[in-house]
Amino acid sequence: MPSRTTGGTGPVAITNRAPQDSDERGDAGEDRGEETGPGEETGPGKEAGPGKEPGPGQEEARRLNSPLLLTLLLLTAVMFQDPIRGALAAPVMQSWMTVFVAVMVQALPFLVLGVLLSAAIAVFVPPSFFARALPKHPALAVPVAGAAGAVLPGCECASVPVAGALVRRGVTPAAALAFLLSAPAINPIVLTATAVAFPGNPEMVLARFAASLLVACSMGWLWHRLGRTDWLRPPARASYEGQSKGAAFWGSVRHDVTHAGGFLVIGAMAAATLKAVVPADWLGVAAGHPLLSVLFLAALAVLLSICSEADAFVAASLTQFSLTARLTFLVVGPMIDLKLFAMQAGTFGRAFALRFAPATFALAVVVSALTGSVLL
């Protein structure tokens, strides 16, 4: 290895690199052309450039999308249209479709109106408004927050993030939880839907209002008395942080329509199945026993997870059961069901949901049964 000395410095090594053949030079040129810039990533998740094959994540996203699934579903329906037509022509399916369509047509306008109003409140009404409007003393703030649910439309899907925003803005948790339970159960949209679903029983509206408000306030006071701060994990950030008002509004509408609409379809299907498919004597066993009928519809409300703006029409279709049992269905559903348990656990923590949900269920069943025995 030759060396030379420059200006008094130490020897500097000069390495003579062997010349590359043409293939090597071509490969090096291609490698230099594909180098990534600072901060760019390579691998399966990187976007494919011109002439490159897309990564597996992109292929999966391209294959699995809603229009493609809808197209495949429609093609399947066309291919099997004769068996489907024959099945729908059966008397049982005719009865099933009648109940399903009736529940959907009656409930859908209230669902859409409730979603629009709840999105407007969640986006355009600042949470600090509620903090200023509530009394400072927790025992007094609980009934005020519970009564506020009567004038603020919104389904249970919207009440969870609103309650989380209240806690984050300094509202006492007991008052926020009272609002969480009352808002989806006693707001004007829900009470109007209940009156439409039970035209011959106006007392059902009063019973639902009284029982739901009593449960909401009782749970608020119970949490103020027995709740611990380490059970409740306050939400870390705002629901619509970083978005414009319009984007947040339509995002909330899309979210609530997707979730509440899906559960409405499931609830309508379940009501139609109970009405047309399940033997009448099976339901008669549950409906004929006062205590068993209340517990059966309370459990059904938890499992179906129907939006509160639409549950009255499902309850009205369960004519085998007493008004008290159906009142229990209407009181329990907006306060605790499967989707609400998941949302509460995600918003306030699992320790909170595991204590709050069973207590709410038990209290809602007891209060609705007692209220029904007095008012219905």
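A few remarks follow.
- Across the range 78-87, the qualifying residues are those that are aliphatic (A, V, I, L, M), within 34 Å of the chain's Cα centre (by Cα) and open to solvent by 70 Å² or more (accessible area, probe 1.4 Å), and the one among them that is modelled with the highest pLDDT is 78.
- Odd one out for residue 306 among (1) closer than 20 Å to residue 186 by Cα; (2) among the β-branched types (Val, Ile, Thr); (3) surrounded by fewer than 24 Cβ atoms within 10 Å (Cβ to Cβ): (3)
- Among the residues of the range 297-346, those that are in contact with a Lys or Arg (Cβ under 7 Å, 6 or more places away or on another chain), among the hydrophobic types (A, V, I, L, M, F, W, C) and more than 14 Å from residue 363 (Cα to Cα) comprise 297, 315, 318.
- Number of the condition not met by residue 240 [criteria: (1) among the aromatic types (Phe, Trp, Tyr); (2) in a helix (DSSP H, G or I); (3) at pLDDT below 80]: (2)
- Criterion (open to solvent by less than 40 Å² (accessible area, probe 1.4 Å) and in a helix (DSSP H, G or I)) met by exactly one of 207, 195: 207
- In the range 168-192, residue farthest from residue 116 (Cα to Cα) [restricted to those that are assigned to a helix (DSSP H, G or I) and not aliphatic (A, V, I, L, M)]: 173
- Residue in the range 88-105 that is at pLDDT 80 or above, surrounded by fewer than 21 Cβ atoms within 10 Å (Cβ to Cβ) and within 26 Å of residue 344 (Cβ to Cβ) present: no
- Residues of the range 344-362 that are open to solvent by 50 Å² or more (accessible area, probe 1.4 Å) and touching a residue at least 40 places away in the same chain (Cβ under 8 Å): 355, 361.
- The set of residues in the range 130-171 being over 22 Å from the mean Cα position of the chain (by Cα), open to solvent by 40 Å² or more (accessible area, probe 1.4 Å), of a type outside the set (Lys, Arg) and modelled with pLDDT of 75 or more consists of 133, 135, 137, 140, 143, 144, 147.
- Per the listing 315, 353, 287, 270, the residue uniquely aliphatic (A, V, I, L, M) and closer than 23 Å to residue 210 by Cβ is 315.
The values are calculated or read from the model by the stated rules, or taken from the named source; none is laboratory data. Since we're looking at a predicted model, the values are computed, not measured. Every residue, glycine as well, gets a Cβ built from its backbone with ideal geometry; the counts of neighbours run over all protein chains shown. Remember, those area values only see protein heavy atoms, side chains included, never the ligands or the DNA or RNA. Shrake-Rupley method; radii C 1.70, N 1.55, O 1.52, S 1.80 Å.
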